[in-house]
Amino acid sequence: MFRRNRPDWYFAKNPLTLLVSCLLSQGSYAKDPQYEAPPLDEVVISVSGYEQKILDTAASVNVVTSSQIHNGQAEDNLSEPLNRVPGIFALNRQNYAQDLQISSRGFGANSTFGTRGIKIYVDNIPGTVADGQGQISHIDLPSTERIEVMRGPFSVLYGNSSGGVISVFTEDGGPNQQIQPYFEVGSYSQRKVGLKASGLYKNTNYLLDIGDFHTNGYRVHSAADRFNANSKLKFKVGGDTTITFIANNVNLTAQDPLGLTSTQLAANPKQAGNNAISQNTRKSVLQTQTGATIEMRLDQANQLIFTPYYGQRHVTQFLAATSNGVIDLKRNFYGMDSKWIHKSQMLEMPFTVVGGIDMNENDDHRQTYQNNGGVQGSLGQNYRMSAKNFDQYVHLDWRLLERLSLNVGGRNSQTTLSSISNSPALNNTSSGSHVYQALTNMVSLQYYLTELSNVYVSYGSSFDTPTLNQVTYNSNFDGSNFGLSAATTKQVEFGFKSKVSKSAQVNVAIFNANTTNDIVVGASSFGRTAFTNAPKTNRQGMELGAQFKLPYQLEMNLAYTWLSATVKEAYSYTYQATGVPRTTNVVLSGNRIPGVPNQGLFSELLWVKPNKSMEAALEARVNGSMAVNDINSPSMATGYAVMNVRGVLRQEITGGWSFSQFFRINNILDRSYVGSVIVNQANSQFYEAAPTRNWMIGAKASYQFK
């Protein structure tokens, strides 16, 4: 292992080490011996499938801690914690009928439904189904303990994704039994009430959280109601087996205000889009999911982990279109990951191997109906679809020398998509099947400049299959699109991580990803979308994360992203809308990939009173411009900068009670801006306005039983 008793002169032999250390030491503004746990000391499992410190990983990985998730935060949307992660753009649509627009290094921004190109996990149980489409509505932030976010080549170890991995972990209960009621109120009649109970009972660690949320929404026709429940049970069977049960439920109903044209945006950004009210566009979701993690330690060197799960999801969505304007989707999804972890030594150096088998399946029953002014009409389409994957993977982590580590991994993936139409006489039916198979791999080298600084280089090849939604229509909208190819990506990353002192740390990553057969819009017609393959696209950029401990109990956090996501070889697509004839457009080489800001910055200045009874923070968030469609016309959605302020008060009361209160004022400078865009919207309703100045207050109480 790396020897931590080396004298300083030992590391100074390397001129690069000395130069880097001297430059970064200028960022150390204070030496506070109480600052003992900066994020580089955090332990993560998302990179290699087993516990290791962030500093010891040759990957871009960040942890959003419990305090960052909860303190002074609304805890309503995953965009809140993800905003502080470099490389990630989590754009809040202000529309609970549509998912957050989450992209990682430019992957996933053009997803029309759910999260694409990013693997989602909640307590090791996938939120991404077999075809690669992910859902986040069941993530319960009030009971979340931490979130791990990984980008880059290591994501190939997780199969059908190129952008990265988002892993959410629920709190453990205990050691004391406690209950915690909470509430919040805010602008636009927003309110949330909930109750969390946790503790340890007869060697069983438990947590239960239920919460009810309502908002009238910033825009007309954007009201939403959501009920979340999340539970966790953890106990040991014998001395070497730990079992964790997870169950969660979400029940959501939300109006859909749709997007706005540039004219509508300028006239009134709060209005609803065309036909939103007349067609009563809306969405309802009911999902229940259960799963378990079974950890068996066979001996000091070997461990087995099994994660079976099962879930059901029912979505009903009313679109602005009349024909096939109501979608009714019922989904069963299930699977299991079986993993073996072996830790030993090779040539007297640490050696870890992780191998496993991953199986997932989702079976869909999809029906469409007429939307007669917001009322469900006659049946249109009726078909059953399924996606299955069967993957095998292995990953080796070997410390070759005291200063040098090697990681090598590979995954054999097979994904089968199929569809059978039950209404062959109807137009636009979808039948067929296709098997996508790929052998992906990654390799990285990590070199320790000092015991607290290292550099690494990583390479990975990955692939993304189409989703079931993307193979529904061909470009003529008269059949299925199972000829659509999987996208393949080759990416390389250079990184540097340094814990400069107890007061400062920096991590930097530079990356380049070339994609062949990227899955993009091929045709758009009256609200329906068909997909095609773009010959070549590229995503390259730089990520910077830094944390500083300053004088006077101040802390600063920075996350900056520069991103260039562009088309590298021209292709064409067609569109047709009301009053617009069928038109063919050419997407030129050099065009920006839509829905991706070209840069982003999150900065935070935090003050915490030494006894933790009070804290206050000023947040600044900057996003660059975004293209709204593939042809980059009309003009871009302009960039913006907003500032938020928050504060927290805490009181400890005798008798087991404690209390806390918080406030937030978002967009304190009252800016008007476009927070997200609907990519390639056929009627040019691209723009989704973000709220001007708004506020929120809330409180929590906690009682510990003796």
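If the condition is being open to solvent by less than 10 Å² (accessible area, probe 1.4 Å) and in a strand (DSSP E or B), then segment 102-118 contributes ILE102, SER103, SER104, THR115, ILE118. It is to be established whether one or more residues within segment 172-188 are within 23 Å of ILE327 (Cα to Cα) and under 23 Å from the mean Cα position of the chain (by Cα). Checked against the condition, which is being within 23 Å of ILE327 (Cα to Cα) and under 23 Å from the mean Cα position of the chain (by Cα), segment 172-188 yields no hits at all. Considering (1) within 15 Å of PHE107 (Cβ to Cβ); (2) buried (at least 18 other Cβ atoms within 10 Å of the Cβ); (3) not aromatic (Phe, Trp, Tyr), the lone condition that ALA523 does not fulfil carries the number (1).
In the set (1) part of a strand (DSSP E or B); (2) under 24 Å from MET150 (Cα atoms); (3) modelled with pLDDT under 95, the condition left unmet by THR467 is number (1). The number of residues in segment 211-238 being within 22 Å of the chain's Cα centre (by Cα) and among the aliphatic types (A, V, I, L, M) comes to 2. Within segment 222-249, being of a type in the set (S, T, N, Q) and outside any loop (DSSP other than H, G, I, E, B) holds for ASN228, ASN230, SER231, THR241, THR242, THR244, ASN248, ASN249. With respect to (1) in a strand (DSSP E or B); (2) surrounded by fewer than 19 Cβ atoms within 10 Å (Cβ to Cβ), the lone exception for GLU402 is condition (1).
The number of residues in segment 552-586 that are modelled with pLDDT of 95 or more and either basic (Lys, Arg) or under 15 Å from SER633 (Cα atoms) (or both) comes to 3.
Would you mind stating whether VAL63 is closer than 28 Å to MET696 by Cα, touching a residue at least 40 places away in the same chain (Cβ under 8 Å) and either open to solvent by 10 Å² or more (accessible area, probe 1.4 Å) or assigned to a strand (DSSP E or B) (or both)? Criteria met by VAL63. In segment 83-101, the qualifying residues are those that are of a type in the set (A, V, I, L, M) and over 25 Å from LYS497 (Cα atoms), and the one that is modelled with the lowest pLDDT is LEU100. For segment 209-235, a residue qualifies if it is open to solvent by 30 Å² or more (accessible area, probe 1.4 Å) and in contact (Cβ under 8 Å) with a residue 24 or more places away in the chain, and the qualifying residues are ASN216, VAL220, ASP225, ARG226, PHE227, SER231, LEU233, LYS234, PHE235. Residues in segment 482-502 that are touching a Leu at 6+ places or on another chain (Cβ under 8 Å) and crowded, with 21+ Cβ neighbours inside 10 Å: LYS497, SER498, LYS499, VAL500. Of the strands (runs of 3 or more DSSP E) lying entirely inside segment 162-219, those containing at least 2 residues that are of a type outside the set (Lys, Arg) and farther than 24 Å from PHE659 by Cα span 164-170, 204-215.
Filter segment 247-297 down to the residues that are within 21 Å of TYR206 (Cβ to Cβ) and either buried (at least 21 other Cβ atoms within 10 Å of the Cβ) or under 22 Å from the mean Cα position of the chain (by Cα) (or both) and list them by number. Before the answer, list the steps.
Narrowing segment 247-297 to residues within 21 Å of TYR206 (Cβ to Cβ): 247-250, 288-295.
Scanning segment 247-297 gives ALA247, ASN248, ASN249, VAL250, THR288, GLN289, THR290, GLY291, ALA292, THR293.
Of all the numbered requirements in (1) in a strand (DSSP E or B); (2) over 30 Å from ILE179 (Cβ atoms); (3) open to solvent by 70 Å² or more (accessible area, probe 1.4 Å), ARG650 misses one, and that requirement is (2).
Taking residues in segment 549-569 that are over 22 Å from ASN598 (Cβ atoms) and polar (S, T, N, Q), and partners anywhere that are open to solvent by 60 Å² or more (accessible area, probe 1.4 Å) and at pLDDT 95 or above, the pairs with Cβ atoms closer than 6 Å and at least 6 places apart or on different chains are GLN553/TRP607.
Residues in segment 119-175 that are aliphatic (A, V, I, L, M) and over 26 Å from LEU252 (Cβ atoms) were compared, and the one that is most open to solvent (accessible area, probe 1.4 Å) is LEU157. Quick one: in segment 189-205, which of the residues that are under 26 Å from the mean Cα position of the chain (by Cα) and surrounded by fewer than 21 Cβ atoms within 10 Å (Cβ to Cβ) is nearest to PRO269 (Cα to Cα)? My answer is GLN190. When segment 343-359 is filtered for residues that are open to solvent by 20 Å² or more (accessible area, probe 1.4 Å) and assigned to a strand (DSSP E or B), the ones remaining, listed by number, are LYS343, SER344, GLN345, MET346, MET349, PRO350, PHE351, ILE357, MET359. Going through (1) without any contact (Cβ under 8 Å) to a residue 40 or more places away in the chain; (2) under 28 Å from the mean Cα position of the chain (by Cα) one by one, GLY655 falls short only on (2).
The values are calculated or read from the model by the stated rules, or taken from the named source; none is laboratory data. All values derive from a computational prediction rather than experimental measurement. Every residue, glycine among them, receives a Cβ derived from its backbone with ideal geometry; neighbour counts consider all protein chains shown. Remember, those area values only see protein heavy atoms, side chains included, never the ligands or the DNA or RNA. Shrake-Rupley method; radii C 1.70, N 1.55, O 1.52, S 1.80 Å.
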